[in-house]
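Worksheet: one structure, shown below.
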Amino acid sequence: MLAAVTLRVVKPRVPWICAVINGAAALALATVLAPGVSLAPTPIGAAYVAGHLLAWRTGWALWMAAAFSLLVFFRWWASRLGWPAMARVAVAAAAFGVVADVTAESMLIAWTGDRTFDVGGPLRVSGIVANGLYSVAGAVLTARTRGVPPWLGRWSWTVWLLGFGLALAAAAGSDAGSRILTAALFALFIPWLVVFGRRIA
């Protein structure tokens, strides 16, 4: 009985927790990670990483946590829909995205900045594979969700379209495009988690 009550209390918190962790990760990207993040790495970026290893590793650890929190959110969302077949497919896609993300970010954490390393490689894996799969998962779950007002539906689709755009920018090797789309994506995604989560809770 206590477990059931605890579950009911914790589950509605899932979107908030995901929003907080993703917000912290986005802030880390915009500040401590930004000087070393580029799809076309430079010696200046490597020197920055070598001189700021703790911040670099902490920032990417936050992104790992953000990936796992997103997977938990997708599972929670699928449970609200009653786990139809396409929702299971969406969660599986997100899980593969987490594997890609964690693999890429582990490589970034392991880098010390004092040796030749194509930081752009892991960034492309994260940006194209992981982000693409998260966007697929979100789009599939959005298509299966009924009863949301039109404005929230448009907001949802905008988030996933920005995610697909970010994947394309990473595939094209565009730092400028990736930065602009990342900023737009997270500016919409973080509050969307809270608003959408409250709607379907």
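Within segment 4-15, can one find any residue that is out of contact with any Cys (no Cβ under 7 Å at 6 or more places or on another chain), assigned to a helix (DSSP H, G or I) and at pLDDT 95 or above? Yes, segment 4-15 contains a residue that is out of contact with any Cys (no Cβ under 7 Å at 6 or more places or on another chain), assigned to a helix (DSSP H, G or I) and at pLDDT 95 or above.
One line per residue, one yes/no per condition, for (1) at pLDDT 95 or above; (2) aromatic (F, W, Y); (3) open to solvent by 30 Å² or more (accessible area, probe 1.4 Å):
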| residue | (1), (2), (3) |
| --- | --- |
| W151 | yes, yes, yes |
| A170 | yes, no, no |
| R179 | yes, no, yes |
| A183 | yes, no, yes |
| L193 | yes, no, no |
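Rundown of residues vs (1) touching an Asp or Glu at 6+ places or on another chain (Cβ under 9 Å); (2) closer than 21 Å to L166 by Cβ, yes/no style:
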position	(1), (2)
T31	no, yes
P41	yes, yes
S69	no, yes
A78	no, no
W83	no, no
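Is at least one residue of segment 109-117 farther than 18 Å from N22 by Cα, open to solvent by 10 Å² or more (accessible area, probe 1.4 Å), assigned to a helix (DSSP H, G or I) and of a type in the set (G, A, S)? Yes, that holds for at least one residue. Out of all the residues in segment 125-149, which are surrounded by fewer than 20 Cβ atoms within 10 Å (Cβ to Cβ) and under 21 Å from G45 (Cβ atoms)? Passing the criteria: V125, I128. Among the candidates S126, S106, the residue that is in contact with an Asp or Glu (Cβ under 8 Å, 6 or more places away or on another chain), modelled with pLDDT of 95 or more and on the phi < 0 side of the Ramachandran plot is uniquely S126.
Of the helices (runs of 4 or more DSSP H) entirely within segment 122-201, those holding at least 2 residues that are of a type in the set (A, V, I, L, M) and touching a residue at least 60 places away in the same chain (Cβ under 8 Å) occupy 131-144, 175-200.
Just to be sure, is F74 open to solvent by 60 Å² or more (accessible area, probe 1.4 Å), out of contact with any strand residue (DSSP E or B) (no Cβ under 8 Å at 6 or more places or on another chain) and under 21 Å from F189 (Cα atoms)? Against the criterion (open to solvent by 60 Å² or more (accessible area, probe 1.4 Å), out of contact with any strand residue (DSSP E or B) (no Cβ under 8 Å at 6 or more places or on another chain) and under 21 Å from F189 (Cα atoms)), F74 does not qualify.
The values are calculated or read from the model by the stated rules, or taken from the named source; none is laboratory data. Just so you know, these numbers come straight off a predicted model, no measurement behind them. Neighbour counts are summed over all protein chains in view; Cβ atoms, including those assigned to glycine, are modelled from backbone coordinates with ideal geometry. Just the protein is used for accessible areas: all its heavy atoms, side chains included, with ligands, DNA and RNA removed. Shrake-Rupley method; radii C 1.70, N 1.55, O 1.52, S 1.80 Å.
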